[in-house]
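The values are calculated or read from the model by the stated rules, or taken from the named source; none is laboratory data. Just so you know, these numbers come straight off a predicted model, no measurement behind them. So basically every Cβ, Gly included, is an ideal-geometry build from the backbone, and we count neighbours across all protein chains shown.
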Ligand code: HEM
């Protein structure tokens, strides 16, 4: 038997198909408040989309720890072999809006939440181990160059290559993006990375630097430009479909969770700056250690409630895991929660999808849409037995020295790792990389931009630069 239709206030709803009118041909009545409410609610259905990573797909599952990591971190989620923790994931596109075709070349977001016994822990990463810029001041400009032209409202190759060609720190990530991994065949067949270096601290206070790698058990598979273009015209939601259908059919995707661990002092003296997110740490120097696996086995029951309203943040740490001084990460620690206050409102952490599994006790109160608050004491210090601090959860400091200044963030070797990436590619992959660059950078009108960018490729690897120059018809003497 169907449920009876009610208004949002629970009153029985008599007619959902005919408005109340003054006579059969007369105008609609003000007293038809169900009609007015229905129209008013509809008008407010859309909330601001995420300013970046607007389009995505989410799912739930379980992380199983297969290797106890208490030697390196006291974080409960990584202590106790066999421990299981519920997870939420959201994969996404970066630049396009909510309705954008899924299969256009773009970095993919890989945001993973662990609902731990000590609160929510989020790793908000991408499917690439590096990023385009390493100072948060540059992030809004970078994103503007990926989005729409303020005059024409069109996305242009000109804008993004203009930004990249004047930001040589981007060449490593640009090489990833223009390479095969810039177009994964599905969200299930791509790896994820925490990208930044984070800090782990064990129960004795020893500190380590850590990098996360999430390795797709399905293997890495990508799409060619032709497949991507065809798919974009046939199914704009291809990646969303693929993930949803796989889970619906019981074909549960999983990822191995691996870490690279660097001893504290060694990490500070590594040959590249481990706090510069445009650089990787070589797996030869610090091999991946597999610590567990997560499997996705549950689709959202309501997309809006469980995916659109999910509020991930790189600032969501748990005791035993802390930020590093990576400057881009430091900027992100502010950016996300601020965006979510704007996007979802001040009490967004109270939404079921964002609530931790453990109880929350603090002195924050009220605000729009506050719910579930009791009358307990709302100030500290107090004599009413209010919640008390947890000194063991204190962060561990790093020694700092120097002047306050507008410092250049990191050393200026932007090119050697981009060159390594190029040299790692198979001959076929190199051919596709050059073709893709030709098809995008090659359409940029400004010769200055084309030359500037190709010079970067040349500095990364002479052959790389020369091949791009040849493909773009640029004279070699301009790029050497
Ligand atoms: C989403 C800012 C760099 C991965 C977002 C959002 C903001 C933001 C405001 C939307 C959050 C929301 O409304 O819920 C920034 C800033 C950055 C930065 C200011 C640099 C200073 C990065 C980097 C990565 C990354 C380096 C990956 C390594 C993501 C992902 C999402 C996201 C995966 C989507 C999260 C979700 O699925 O809800 N970013 N971002 N971002 N960002 Fe960043």
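The table below gives the values:
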| item | result |
| --- | --- |
| Residue list for the range 122-145, restricted to those being more than 25 Å from residue 281 (Cα to Cα) and buried (at least 18 other Cβ atoms within 10 Å of the Cβ) | 145 |
| Boolean, residue 231 is surrounded by 15 or more Cβ atoms within 10 Å (Cβ to Cβ), out of contact with any strand residue (DSSP E or B) (no Cβ under 9 Å at 6 or more places or on another chain) and either assigned to a loop (DSSP other than H, G, I, E, B) or free of Cβ contacts under 8 Å to residues at least 24 places away in the same chain (or both) | no |
| The range 69-83 residues that are on the phi < 0 side of the Ramachandran plot, paired with ones that are surrounded by fewer than 14 Cβ atoms within 10 Å (Cβ to Cβ) (beta carbon under 6 Å, 6 or more apart) | 74/203; 76/117 |
| Complete set of residues in the range 108-151 that are assigned to a strand (DSSP E or B), within 15 Å of the chain's Cα centre (by Cα) and either within 14 Å of the ligand (Cβ to nearest atom) or more than 22 Å from residue 243 (Cβ to Cβ) (or both) | 108, 109, 110, 111, 112, 113, 121, 122, 123, 124, 125, 126 |
| Selected residue (criterion: nearest to the ligand (Cβ to nearest atom)) from residues of the range 192-206 that are crowded, with 21+ Cβ neighbours inside 10 Å and not in a strand (DSSP E or B) | 195 |
| Pick from the range 293-318, criterion in a strand (DSSP E or B) and touching a helix residue (DSSP H, G or I) at 6+ places or on another chain (Cβ under 8 Å), ranking: farthest from the ligand (Cβ to nearest atom) | 297 |
| Evaluation of residue 29 against (1) exposed (fewer than 12 other Cβ atoms within 10 Å of the Cβ); (2) more than 24 Å from the chain's Cα centre (by Cα) (one fails), failing number | (1) |
| The listed residue being touching a helix residue (DSSP H, G or I) at 6+ places or on another chain (Cβ under 9 Å) and either within 16 Å of the ligand (Cβ to nearest atom) or assigned to a loop (DSSP other than H, G, I, E, B) (or both), out of 329, 333 | 329 |
| Residue match in the range 361-377 (condition: surrounded by 15 or more Cβ atoms within 10 Å (Cβ to Cβ), modelled with pLDDT of 95 or more and either assigned by TED's automatic domain parsing to the domain that holds residue 276 or out of contact with any helix residue (DSSP H, G or I) (no Cβ under 7 Å at 6 or more places or on another chain) (or both)) | no |
| Yes/no for residue 321 being within 21 Å of residue 91 (Cβ to Cβ), more than 8 Å from the ligand (Cβ to nearest atom), surrounded by 17 or more Cβ atoms within 10 Å (Cβ to Cβ) and modelled with pLDDT of 95 or more | no |
| Of the criteria (1) surrounded by fewer than 22 Cβ atoms within 10 Å (Cβ to Cβ); (2) assigned to a strand (DSSP E or B); (3) under 19 Å from the mean Cα position of the chain (by Cα); (4) touching a residue at least 60 places away in the same chain (Cβ under 8 Å), which one residue 240 fails | (2) |
| Flag if residue 340 is away from the ligand (no atom under 16 Å from the Cβ), part of a helix (DSSP H, G or I) and on the phi < 0 side of the Ramachandran plot | no |
| Failed item in (1) free of Cβ contacts under 8 Å to residues at least 24 places away in the same chain; (2) touching a strand residue (DSSP E or B) at 6+ places or on another chain (Cβ under 7 Å), with residue 40 passing the rest | (2) |
| Scan of the range 401-425 for residues that are more than 19 Å from residue 174 (Cβ to Cβ) and either loosely packed, with under 10 Cβ neighbours inside 10 Å or touching a helix residue (DSSP H, G or I) at 6+ places or on another chain (Cβ under 8 Å) (or both), ordered by number | 401, 402, 403, 404, 405, 406, 408 |
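Residue-by-condition table, conditions (1) under 20 Å from the mean Cα position of the chain (by Cα); (2) surrounded by fewer than 20 Cβ atoms within 10 Å (Cβ to Cβ); (3) within 20 Å of residue 243 (Cβ to Cβ):
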site: 276; (1), (2), (3): yes, no, no
site: 286; (1), (2), (3): no, no, no
site: 290; (1), (2), (3): no, yes, no
site: 297; (1), (2), (3): no, yes, yes
site: 308; (1), (2), (3): yes, no, yes
site: 312; (1), (2), (3): yes, no, yes
site: 315; (1), (2), (3): yes, yes, no
site: 338; (1), (2), (3): yes, yes, no
